[in-house]
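Working notes, structure below.
Read-outs: derived from the displayed coordinates by stated rules, not from any lab. None of the values given here were measured: they were computed from a predicted structure. Note that each Cβ is placed from the backbone with ideal geometry, even for glycine, and that neighbours are counted across all protein chains shown.
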Amino acid sequence: MRERNSRHRSSFDVTMPTIVLIGLGPGDPELVTPAAQRRLQQAATIYTPAPEHPALAQVMPARAHPYPELQPDAIPNWLYDRAIAEDIVVCALPGHPYDHPLTTALQNVPSLSIQLVPGVSLLDASITLLGLSGRSSGFQVLPLTECLDFRLTDKRHSPDYTPAPAWSTRQGIGPYTAPRLPYPLIPTQPALLWCYQTSPEDQSQPQDGNTPNSIAVRLREALSVRYPPTHPLHLIYLDWSGNGDRIMETRLADLGGVVDFQQVTAIYLPPLDCAEDQRGFDGLNWVAARLLGPNGCPWDHAQSHQTLRSCLLEEVHEVLEALDHGDMTALAEELGDLLFQVLVHSEMARQAGYFSVNDVIAHIMSKMIRRHPHVFGNLTVDNTATVLQNWDQIKAQELADKGQQRSSALDGLPASLPALAAAQKIIKKAARTGFAWSNLQEVWAKLHEELNELAQASQSNNHDHLAEEYGDVLFVLANLGGWLNLDAESVLREANAKFQRRFRYVEQSVQKQTLNLETMTAEEMLALWVEAKRNTQP
């Protein structure tokens, strides 16, 4: 296929070869437009992929010539060569010229003038066959290929640009797969997928009933991102002459090798109800609005931002617990619970006239783009330290734009942050100013110093001094965790969980032996503890 773009002209261009693409309509000769009839009558030779089309078969079969037996991707160049030899080539296509992939393919042929003579679209015939009232109520029409091939791409770079590894690759998890963004359909609105635009490579996939059809599998995968497996699909069968008048109903889960996409003209997807849109953000937002709306839940109506604080904190800790256990199934569920808390607070604020969830999304999206100029802009960074330095500078500029200024590098910590996590945050903030130990050995030395001071304080009767020294030890341990690249809060949670597992093992062992922990000797309990360490997960 030659490259560069052809030019569409509303009239003949005598300076370059011309191809006239005439729309024959959906099959009924009475639906051929007067302009198309006039051009067909004027043409001495008509090339067409559908010589059996009724509009040709009844009025001018002798002048209608089928394409030669060539591969589909060779037809545009063959027509171009004919146009060079004949100056003007007339090509008749079923439906509207834009219904046929040939029109798209000819756009890549250089130095070619293309003239379109519209016809009634096969798309309109499909809608009529479905008995739909029209394209109102947000009716979506798009080529099937837009559902198959959409992927998140970085358009800033040239085609030969090799991107840096993604998170999954850097973590050694596996190859990177781009998410399907932006999603091309709104599931709560009716949609018609136009299948005539599929490529010859896709159309030539095996159709033996046992080998899954490439298009069907890819389409099922794409639609399953938002539609449930039980969602109905209506497959519309029209041949190139607009005949056939057949609709087959199936479910998304059953979309597979039995579907011959060489014959399917279009696929109709009925709209989802909000309650059925369970894989989309709008569906979840609808649930929150319904609970807090008229005739909603009395318990939810009795809540406020303040009364839901404990619920929010509980959901955060349940997310952390799923992370600590490495349970991805639980993590998906708990993240959903946490997300719902965000939506509930946002809906309360919307009803009170403060902000909506759209404002929440706009704030965080704008902030993330603004604070990552090395990703969304043209800034180049060498390492993580540079990223953090830029982050602090951007945050400072954001405050300045608001007429605010932090009096200390330690400002900005939530008061309710757990103390151990807060300690590491404070240490990191101070370190960014250069206030930090120069090496790990100095941290170890400081820890031993604080432990000695704690031991000395424990010999006194001064409880306040003892608490102070104990706090110093914990703070230095938090500092040490940073140097060892450990999250102190997470490590302590896991230590708590490990102790609980082992202690429960001891309790169960004592119960099986009909003993009592309170009456056991230290040696007996130690023996059970050693057994628990051996028989429980680390």
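Within the same chain, lysines fewer than 8 places from Lys498 are excluded, and of the rest, those with a Cα less than 23 Å from its Cα are Lys512, Lys533. Charges were assigned to the Cβ only: +1 to each Lys and Arg, -1 to each Asp and Glu. The resulting dipole of the stretch 489-535 about its Cα centre is roughly 260 debye. Taking each DSSP H run with n ≥ 4 as -39500 (n - 2.57) and averaging over every residue of the chain yields -14500 deg cm²/dmol at 222 nm. Label the stretch 281-370 by shape, choosing from rounded, prolate and oblate, from the square roots a ≥ b ≥ c of the eigenvalues of the Cα gyration tensor; if a/c is under 1.5 it is rounded, and otherwise prolate applies when a/b is larger than b/c, oblate when it is not. Oblate, since a/c reaches 1.5 and b/c is not below a/b. Extension gain for Thr104-Asn461 works out to 119.7 nm (0.36 nm per residue, less the C-alpha to C-alpha distance). Scattering from the chain was approximated by placing one identical point on each alpha carbon and applying the Debye formula without solvent; log10 I(q)/I(0) at 0.11 1/Å stands at -1.18. Taken along the Cα-to-beta-carbon direction at a fixed 7 Å, the label points for Ala166 and Arg279 span 1.7 nm.
Could you size up the charge dipole of the chain around its Cα centre, putting +1 on the beta carbon of Lys and Arg and -1 on that of Asp and Glu, and report it in debye to the nearest 20?
On the way: 42 positive and 62 negative charges, 260 e Å.
Here the chain has a charge dipole of around 1240 debye.
Ordering His317, Leu102, Trp391 by Cα displacement along the dipole of the chain toward the positive end leaves Leu102 in first place; charges were set at the Cβ atoms of Lys, Arg (+1) and Asp, Glu (-1). Expressed as a fraction of 2.2 N^0.38 Å, the C-alpha radius of gyration for the stretch 489-535 is 1.24.
Here the spin labels are modelled as points 7 Å beyond Cα on the Cα-Cβ line, and at Ala415 and Arg180 they lie 4.7 nm apart. Of all lysines in the structure, those lying under 28 Å Cα to Cα from Lys402, and not within fewer than 8 positions of it along the same chain, are Lys367, Lys425, Lys428, Lys429. Rounded, prolate or oblate for the stretch 7-120? Axes are the square roots of the Cα gyration tensor eigenvalues, ordered a ≥ b ≥ c, and the cut-off for rounded is a/c under 1.5. It is prolate, given that a/c is not under 1.5 and a/b is the larger ratio.
Decide, for the stretch 406-486, between rounded, prolate and oblate: order the square roots of the alpha carbon gyration tensor eigenvalues as a ≥ b ≥ c, take rounded if a/c falls under 1.5, and otherwise choose prolate if a/b is larger than b/c, else oblate. The partial results should precede the final answer.
On the way: a/c = 2.30, a/b = 1.41, b/c = 1.63.
Oblate is the answer for the stretch 406-486, as a/c is 1.5 or above yet b/c matches or exceeds a/b.
Amide H to amide H distances under 5 Å link Leu112 with Arg7, where only residues 5 or more positions off or on other chains count and H is placed in the peptide plane.
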